[in-house]
1. Does the range 1-44 hold any residues that are farther than 23 Å from VAL116 by Cβ, basic (Lys, Arg) and either surrounded by 16 or more Cβ atoms within 10 Å (Cβ to Cβ) or at pLDDT 95 or above (or both), and which are they?
2. Checking the structure you have, find out if any residue of the range 123-139 is modelled with pLDDT of 65 or more, under 24 Å from ILE46 (Cα atoms), within 24 Å of the chain's Cα centre (by Cα) and among the polar types (S, T, N, Q).
3. If I ask for residues that are within 17 Å of the chain's Cα centre (by Cα) and either in contact (Cβ under 8 Å) with a residue 40 or more places away in the chain or assigned to a loop (DSSP other than H, G, I, E, B) (or both), which ones from the range 1-25 would you list?
4. Can you name the residue in the range 54-77 that is touching a residue at least 24 places away in the same chain (Cβ under 8 Å) and either surrounded by fewer than 17 Cβ atoms within 10 Å (Cβ to Cβ) or among the charged types (D, E, K, R) (or both) and is also farthest from ARG33 (Cα to Cα) among such residues?
Amino acid sequence: MRHGNKNNALGRKKAHRDSLLSNMACSLIEHKRIETTLAKARALRIFVEPLITKSKEDSTHSRRVVFSYLRNKEATAALFRDVAPKVAERAGGYTRIIKLGNRLGDAAELAMIEMVDFNNLYSAKEKAGAEVKRTRRSRTRKPAANAGDADAKADGAAE
């Protein structure tokens, strides 16, 4: 029974699961976006978000704690050098999971997990949308209505 056990075993023993999540976290930090199965993406989100939070405070202790999880010097350095300054003011939710559909071979649900602040497509749209104020009302109606009133007045004056 799994009473109170909230981790997804992913069909692996603990050592294998820890290595898998560590390697996937290093790949995510390096490439900022990876494709995997939905279950692994959800497990990776739980694994990597506390590490990103820990990387906001650049101290020897936090570097050692993050390194104990990642076990990769380059990924740890990249996390503190590149990722931490970009997410410094974000309160949480550093990753986004996007479902991609099912894999052809075994119909496993595929997903893409990416770092939110490193996606140029969404951030560019949000910034462009914030600058330009849009309205649903048409701008051409008022002059056309005024022109129609002027024509009606002219017809009435001609009579």
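The values are calculated or read from the model by the stated rules, or taken from the named source; none is laboratory data. If you're wondering where the values come from, they're calculated on a predicted model, not measured in any experiment. Backbone-built Cβ (ideal geometry, glycine too); neighbour counts: all protein chains shown.
1. ARG12, LYS13, LYS14, ARG17, listed by residue number.
2. no
3. Residue satisfying the conditions is ALA25 alone.
4. Checking each candidate, the answer is ASP58.
Here is a yes/no grid of residues against (1) within 30 Å of GLY101 (Cβ to Cβ); (2) acidic (Asp, Glu); (3) not in a helix (DSSP H, G or I):
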site	(1), (2), (3)
GLU35	yes, yes, yes
ARG42	yes, no, no
ILE46	yes, no, no
PHE67	no, no, no
